[in-house]
Amino acid sequence: MKLIKVLPFCIFLIFIKNAYSNEFNSNQLVISNVNVVDVETGKVISNQDVTISDKLIKSVNKYEKKKQSKESKIIDGSGKYLIPGLWDAHVHSVTNRDWHFPLMIAHGITSVRNLHTSEKEGFKLIKQIKKETESGAVIGPRFIANGYIIDGVSPMWPGTIAITDPGKVKEAVSSLKNQGADFLKVYSSIQPDIFRAIMAEAHLQNIPVDGHIPMMVDPIEAASFGMRTSEHMIGMTIGCSKDIDKVREKIQNYEKNGWGEFPQSFINFIKLRQQMARTADKERCNKVIDAYLEHQLVMTPTLINQLTWLDNNEQVKLTSDESVMSLLPESVRKDWVLMANRPPLIKEIVDYPFNVFELAAKRNVKMLAGTDIGNLFLVPGYSLLSEMILMTEQGATNLQVLQSATINPAEVFGFDSLGLIKAGYFADLVLLDANPLDDMNNIKQVNSVVRNGRYLSSKDLYALKLKAKNWKPESNQD
Ligand SMILES: [Zn+2]
């Protein structure tokens, strides 16, 4: 009797499940007659049919006229350009994932590297995010994460693991690894002896080390110790300065006696950056770049963060651009308008990392496109596209930049079947209305997105933008 009552309900559930998966994942999806952008060579292969089945690219063949059928959904790609899904290699999205993720996907960002969360239950949330985004229960990017930052004497962020005793390194590395960290992130105030101990222990435990090259550590040494990525151009801006020893002396002093009350603490910090900018030396810079190239240390410049965070004019420009502001939830929008009226800062400290980036890009240092989403004046998804444009304006080629958001992160983070449009690769794709190899501004012309084989039309992307805009802080369940 009970079974008879339950059975129809189960059948109903199976029906609902199939209806859902058919809607988003017909057995096969064909993006037909499209220009495929090969990000490895920079060539465009025209008139291609890209067939997707489940989560994978099944084939890439010459175009043949086909009809819609129950088995295959055909998307007309004629006149459009297909690129691999984009990575934002520097985000902080665990807490605000409910509005970050829809905006990321809506702008073609299908993978991210998260570089710290201050959530107490950080690793539990990271596991949940990975599970939900991979199964498709939540439309969000592929997600890799370190969990918590390792820092030294004066940690800046809540949730940081502060280490001042080399004897504590082994325990910290094991603990992060055992909880599921994909890599470690080191931070600015780690002392050289602790840094060396972390690198040695990470090597033993076979876990990569990304992050800030600590202020007290020589970037050439950091490269030779096998750090994987260096964030925000910090390594080079330290290494290029002839005055670095004097700057370090001052830092040690501040660490001992305190940086002062805000805003004095910030002014003190800015003055040090100014001193480094004024004493930059090209020959020294080239030596640091030599070390990056020799040891394959990869840079994540995050130029957009340095620009929008440090340059008050950019903040005013951004907050008066309705096409950008209309993407944001109301509460975030209000914060931005309030904060955009901070006093203007000194332009030379923004120019410095930009100039160093130009030198490094010319010498072909491997780079990753990243933003630092989670900070003020950065819009999930949208800012990554702005970063890509900024990188080309600063001397990188269109191909270098396209690689920095596709094949480079896939390779650096160890994904064999990601970052190219090739049979057997994961079907994370972006369909653009124009060719980004002609002009990087075309990267903003996102027509539709495929995430893990699921096709999201321009209408679906619009709905995702609305979802982000309607997000309210109290709906955040963290
Ligand atoms: Zn960051």
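Structure summary
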| read-out | value |
| --- | --- |
| Residues being out of contact with any Asp or Glu (no Cβ under 7 Å at 6 or more places or on another chain) and closer than 30 Å to Asp460 by Cβ - total across region 143-169 | 1 |
| Residue within region 102-116 that is assigned to a loop (DSSP other than H, G, I, E, B), within 16 Å of the ligand (Cβ to nearest atom) and in contact (Cβ under 8 Å) with a residue 60 or more places away in the chain present | yes |
| Per-region count, region 138-158, residues touching a Leu at 6+ places or on another chain (Cβ under 9 Å) and polar (S, T, N, Q) | 1 |
| Residue pairs meeting the criteria (Cβ under 6 Å; at least 6 apart or on separate chains; first under 21 Å from Ser111 (Cβ atoms), in region 357-373; second away from the ligand (no atom under 16 Å from the Cβ) and part of a loop (DSSP other than H, G, I, E, B)) | Ala369/Ala405 |
| Filtered residue count, region 295-317, keeping only those that are in a helix (DSSP H, G or I) and open to solvent by less than 30 Å² (accessible area, probe 1.4 Å) | 9 |
| Verdict on Ala89 being small (Gly, Ala, Ser), within 16 Å of the ligand (Cβ to nearest atom), in contact with a helix residue (DSSP H, G or I) (Cβ under 9 Å, 6 or more places away or on another chain) and closer than 27 Å to Leu432 by Cα | yes |
| Hits in region 367-400 - residues which are more than 13 Å from the ligand (Cβ to nearest atom), in contact with a Leu (Cβ under 8 Å, 6 or more places away or on another chain) and part of a loop (DSSP other than H, G, I, E, B) | Ala369, Phe377, Val379, Pro380, Gly381, Gln394 |
| Long-range neighbours under 7 Å by Cβ, at least six apart or interchain, first residue more than 13 Å from Ala361 (Cβ to Cβ) within region 281-298, second open to solvent by 10 Å² or more (accessible area, probe 1.4 Å) and basic (Lys, Arg) | Asp281/Lys242; Arg284/Lys242; Gln296/Lys366 |
| Of the criteria (1) touching a strand residue (DSSP E or B) at 6+ places or on another chain (Cβ under 6 Å); (2) within 16 Å of the ligand (Cβ to nearest atom), which one Pro301 fails | (1) |
| Yes/no for Gly122 being crowded, with 20+ Cβ neighbours inside 10 Å and either more than 29 Å from Ser230 (Cβ to Cβ) or more than 16 Å from the ligand (Cβ to nearest atom) (or both) | no |
| Sole exception among (1) without any contact (Cβ under 8 Å) to a residue 60 or more places away in the chain; (2) among the acidic types (Asp, Glu); (3) crowded, with 24+ Cβ neighbours inside 10 Å for Asp76, by number | (3) |
| Complete set of residues in region 263-294 that are assigned to a loop (DSSP other than H, G, I, E, B) and either loosely packed, with under 15 Cβ neighbours inside 10 Å or within 25 Å of the chain's Cα centre (by Cα) (or both) | Pro263, Asp281 |
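The values are calculated or read from the model by the stated rules, or taken from the named source; none is laboratory data. Being a predicted model, the structure only gives us computed values, none of them experimental. In this analysis, Cβ positions are derived from the backbone assuming ideal geometry, glycine residues included, and neighbour counts consider all displayed protein chains. Just the protein is used for accessible areas: all its heavy atoms, side chains included, with ligands, DNA and RNA removed. Shrake-Rupley method; radii C 1.70, N 1.55, O 1.52, S 1.80 Å.
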